[in-house]
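Taking it in order: structure first as structure tokens, then the write-up.
The values are calculated or read from the model by the stated rules, or taken from the named source; none is laboratory data. If you're wondering where the values come from, they're calculated on a predicted model, not measured in any experiment. Reconstructed Cβ throughout: ideal geometry from the backbone, glycine too, with neighbour counts over all protein chains shown. Remember, those area values only see protein heavy atoms, side chains included, never the ligands or the DNA or RNA. Shrake-Rupley method; radii C 1.70, N 1.55, O 1.52, S 1.80 Å.
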Amino acid sequence: MDFNGDFAAKAEDCFIRIIAGSLKGKIISVPESVFTLGRASEAGVHVKDKLISRNHCRLSFEDGKWFVEDLGSTNGTWIIGQKVDRKVLLPFRTSARIGKTIFEIVVPGNTTKSSLLDDKSIVHSIPLEQFNTERQSGEYDISSRGKNRMADIFAFQNMISFVLEPQELYNKIVESLHVLLPVCSAYLLIFDLEKGQFITAAGWQEDHVDIQDEEIDPNIVSYCKENYQAVLVNGSNSVHANQSIMCVPMLTREQCNGMLYITLDDPVLQYSCEDLWVMAVAGHTAGMTVQHRNMLEFNFRNERLVATGASAAEISHYIKNILAAMDGSFNLLQMGIDSSDADLSAEAFSILNRNHQRLGNVVLNLLNLASEQKMNFQISDVCKVVRDVVDLMAPNLQSDGINLDVDDDSVNLPLYAEIDANGIHRVLLNLINNAEHAVLQKKTRIDQQNVGKITVRAGFDESRENICISVEDDGVGISPEQAARIFDLFITSKGAAGSGLGLAVSKKIVESHGGKISAIGEKGKGCKVMFSIPVARSDLTTVTCSLNIMNE
């Protein structure tokens with residue numbers, strides 16, 4: 001499906017329009033049919049930008065179309081969020097970015113097929129400049145449209161912020177839009193370098209039938225792309241009668257990273273101008289999340305901490321997402337206080353508390369990873385440590401619809417062993433946090449209860465020389481391949497929702513006790529993580545003798 005509306009033109013008829021950067025607003029004549037852009041004075045188009053290489057990229061005009069090719073630049077050439085790694089088509093009025101400079105090829109006086117979308121079809125549109133100005137100046141306050149709108153935006157942000165895998169992220173974005181608005185179908189479109197046009201990357205429908213993107217109106221998408229506007233089309237004026245349609249760009253700093261397209265099939269209910277503003281905010285939030293994910297993938301290849309092999313970009317991205325969620329929670333809390341809304345304040349506090357715990361966990365895991373201090377081994381009741389962790393985490397998990405239980409046979413056992421109690425406490429926290437994420441992935445509604453369960457078990461092995469502890473969940477599960485690597489440093493099955501530290505730290509602590517840790521699972525059928533620790537570190541110690549007597 002062609003969403004671009006390209007047309008043939010002569011090279012001398014074309015101009016370069018600078019959208020962002022030091023030359024923002026300038027219209028530059030194309031110097032010739034083949035030219036370069038770069039920082040060097042000899043470049044065909046000279047751009048003063050420290051992030052641009054001397055000869056950054058080459059543009060060439062062939063058969064009425066423009067093509068762009070990166071020339072081995074340091075920071076790359078990007079088209080609508082996609083990194084250019086070969087010579088590819090650059091359609092007219094399609095933004096490309098080099099460094100801080102964003103540009104597009106235009107032909108003044110020509111129109112594309114998006115002109116078929118006449119003014120009468122458009123109920124309301126939001127230009128990019130208006131959205132950025134009002135959002136930054138505070139003239140547009142989404143909370144003035146209702147405090148629940150603000151809460152919904154934060155909920156949407158929280159649902160998509162901790163997903164890293166591209167397809168999983170796209171799916172999560174369209175599936176989460178129903179938190180904001182009534183939706184019959186939702187689509188996320190991204191730019192495909194091979195085809196030189198927008199394609200459907202993810203789709204969602206309320207009846208869960210096979211997604212058919214034929215209902216997407218290419219004129220609306222083309223208009224949205226070319227005019228940098230969020231668009232609302234209602235009723236019989238749209239190509240699809242009795243539909244209400246919104247299409248918004250996923251904008252970040254004037255760069256479009258894709259499109260969100262939603263429909264509502266209702267003979268009475270239609271989207272409003274206020275709804276379009278909410279979708280514009282959602283598009284910006286989704287665009288930022290996609291951009292962070294793309295930049296993170298780029299940085300994965302370039303940044304590693306020498307001492308531990310850690311990815312600084314990965315850790316900073318994880319912490320940045322937590323801080324963003326905390327920032328939103330503070331605003332939501334303030335709104336609840338100002339309006340004397342106890343329920344809203346309680347919801348904000350719960351979100352804030354969860355993210356505070358996430359941040360504390362990543363810091364503690366980093367400290368545990370880097371620490372070379374010896375374990376403080378003492379005779380302790382392992383069962384008490386288990387109960388302490390469960391009592392600490394159960395209330396928060398219950399609020400998310402997750403039931404955390406200790407197996408009845410594990411409650412009253414005298415599980416004494418020579419352990420570092422704080423270390424075992426940290427292991428259990430990490431394992432339950434990991435299980436929590438796996439169960440939450442099954443959640444389909446923000447208010448869903450009884451999402452799943454986590455069960456903790458503890459007991460002696462047959463020899464009674466080791467204590468075995470397991471944390472089992474009924475979440476989305478893991479593959480055998482993931483289970484084999486899940487304890488490796490910075491390997492995580494949770495995308496941006498995990499730092500890749502927790503299970504590696506847990507392995508380090510268990511092995512420092514002379515124990516072993518492993519995981520088993522199956523996709524869609526949950527996961528079980530088990531670790532064992534010796535009752536005592538030496539069979540010849542008095543401690544061991546005492547424990548053996550107690551176990552008889």
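A few notes on this one:
- Per-peptide average of other Cβ atoms within 10 Å, ordering 15-22, 244-251, 80-87 highest first: 244-251, 15-22, 80-87
- Where 223, 187, 416 fall by accessible area, highest first, once all protein chains stay in place (1.4 Å): 416, 223, 187
- Selection of GluC sites (Glu not before Pro), region 5-107, meeting DSSP coil and at most 12 other Cβ within 10 Å: 32, 42
- Under 5 Å from the amide H of residue 415 lie the amide H atoms of 382, 383, each residue being 5 or more positions distant or on a separate chain, with H modelled from the backbone and absent for Pro and chain starts.
- In this structure, the amide hydrogen of residue 258, modeled 1.01 Å from its nitrogen in the peptide plane, lies closer than 5 angstrom to those of 250, counting only residues at least 5 positions away or on a different chain.
- Residue pairs exceeding 32 angstrom between C-alpha atoms, taken from 83/528; 195/525; 83/453; 225/442; 384/525; 87/442: 83/528; 195/525; 83/453; 225/442; 87/442.
- Under Karplus coefficients 6.51, -1.76 and 1.60, residue-wise ³J(HN,Hα) of region 170-186 in Hz, glycine/proline x: 4, 4, 5, 4, 5, 5, 8, 5, 5, 5, 8, 8, x, 9, 8, 8, 9
- Amide H contacts for residue 454 (H built 1.01 Å from N in the peptide plane; partners 5 or more residues away or on another chain; cut-off under 5 Å): 403, 404, 405.
- Using the Karplus relation 6.51 cos²θ - 1.76 cosθ + 1.60 with θ = phi - 60°, the per-residue 3J(HN,Hα) values for region 455-465 come to 10, 10, 10, 8, x, 7, 7, 5, 7, 6, 9 Hz, with x marking Gly and Pro.
- A simple rule links phi to the HN-Hα coupling: the Karplus curve 6.51 cos²θ - 1.76 cosθ + 1.60 with θ = phi - 60°, which for region 42-47 gives 7, 5, x, 10, 8, 10 Hz, with x for Gly and Pro.
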